[in-house]
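The values are calculated or read from the model by the stated rules, or taken from the named source; none is laboratory data. This one's a predicted model, so the numbers in the text were calculated from it and none came from an experiment. Methodologically, a virtual Cβ is constructed for each residue, glycine included, from the backbone with ideal geometry; neighbour enumeration extends over all protein chains shown.
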């Protein structure tokens, strides 16, 4: 009889931690801590909900629905099952997730050693080299990525833990008053900041890795797979929450050495130097670069594989080359500018992901009616679209006055109540029409 032992659960939990921690996510808690200052902890709670809790629920939602994102999105409609996964793969791939791997690695490992006049040139050279290696390794067997990940994630975790412990024992400064844009609505600001990790939408893709890991033990029952995922995921949640809390704390004490930094990568580099000198910079730089490379290989492979199902006439190898060439160009806008573009787009995409994940967890409660998903997602998507335009500083005119009537709009989640209301309307419509229960 096949059994999933406690040790197997622990290993799967650490795998989930590795998938979601990556290297790019390290940049968000330090900046959050520096800007939130004495209000770091309430802000961090909001961040952990969307940066840790929601990805956890996302993996569970997919395991309950099937084996991949298309199964989950298909609960709404076949059209949504085609469009939404494409948006997700493009977001975590060539448009945002992949470019961030190179820019974070550059910001932490290279930028501190380069003069301001040469930053643009060196970033261009670094990104070309970074994605050339990514192309080469993405064409190799997946075992290469597995070997990198199994070694580098524990090393990266050990280095980050070292910095956190030293920072706790010998703080380099004190938390100050909150700075813009964290001077009010602390919880809500943290909630929106958690979008930047991109983990909630990445979870919808990474879930297949978790499912396959369980199936390799001969377990195929959906309920048992979900149960194991819940247990393993709780390990990842605890680990991620602890590390993010530690990094946020370091950020809250960082103004003495990194005040005015435009992104968390700069803060991390300056913290590393303040805590361990040049050796800290070298140590962190090498670990982060290799970890980012591993993440880049995984995202490139996943994106290329998916795109071949959309355009089968283009080979996997050609898609890898196209993706990395495009990503190299995008990477050269720099981390700060990339984040300025990425976060508004995620403001528009995340409501769809949150509603899809949340509704799927209560699928049986509302009999699985497609109308519940369609109505709820439509409401969230429409408001999310306007929120995205607002985040890009587009003047919405009288539309803003209408949106401000929605509950929680000022807190950045004005889509939540309309999604619930329209989801209920969808349930009512389906019930009146006598629609049969959907599995």
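Below, the figures for the structure above:
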{"item": "Exclusive hit being at pLDDT below 90 and assigned to a helix (DSSP H, G or I), set 19, 44", "result": "19"}
{"item": "Residues being part of a loop (DSSP other than H, G, I, E, B), more than 31 Å from the chain's Cα centre (by Cα) and more than 25 Å from residue 363 (Cα to Cα) - total across region 392-439", "result": "1"}
{"item": "Filter result for residue 344 (closer than 19 Å to residue 413 by Cβ, buried (at least 22 other Cβ atoms within 10 Å of the Cβ), touching a helix residue (DSSP H, G or I) at 6+ places or on another chain (Cβ under 7 Å) and touching a residue at least 24 places away in the same chain (Cβ under 8 Å))", "result": "no"}
{"item": "Wholly enclosed helices (runs of 4 or more DSSP H) of region 200-319 bearing at least 2 residues in the same structural domain as residue 180 (by TED's automatic domain parsing) and closer than 20 Å to residue 156 by Cα", "result": "222-252, 264-310"}
{"item": "Segments classed as helices (runs of 4 or more DSSP H), wholly inside region 51-157, with at least 2 members that are over 26 Å from residue 238 (Cβ atoms) and at pLDDT below 90", "result": "69-73, 78-90, 97-109, 119-138"}
{"item": "Qualifying residue in region 306-329 (condition: in contact with a helix residue (DSSP H, G or I) (Cβ under 9 Å, 6 or more places away or on another chain), surrounded by 19 or more Cβ atoms within 10 Å (Cβ to Cβ) and modelled with pLDDT under 90)", "result": "yes"}
{"item": "Meets criteria (over 26 Å from residue 409 (Cβ atoms) and assigned by TED's automatic domain parsing to the domain that holds residue 65) for residue 185", "result": "no"}
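Matching residues to (1) surrounded by fewer than 22 Cβ atoms within 10 Å (Cβ to Cβ); (2) without any contact (Cβ under 8 Å) to a residue 24 or more places away in the chain; (3) over 25 Å from residue 93 (Cβ atoms):
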{"site": "9", "(1), (2), (3)": "yes, no, yes"}
{"site": "12", "(1), (2), (3)": "no, no, no"}
{"site": "17", "(1), (2), (3)": "yes, no, no"}
{"site": "33", "(1), (2), (3)": "no, no, yes"}
{"site": "36", "(1), (2), (3)": "no, no, yes"}
{"site": "40", "(1), (2), (3)": "no, no, yes"}
{"site": "55", "(1), (2), (3)": "no, no, no"}
{"site": "58", "(1), (2), (3)": "no, no, no"}
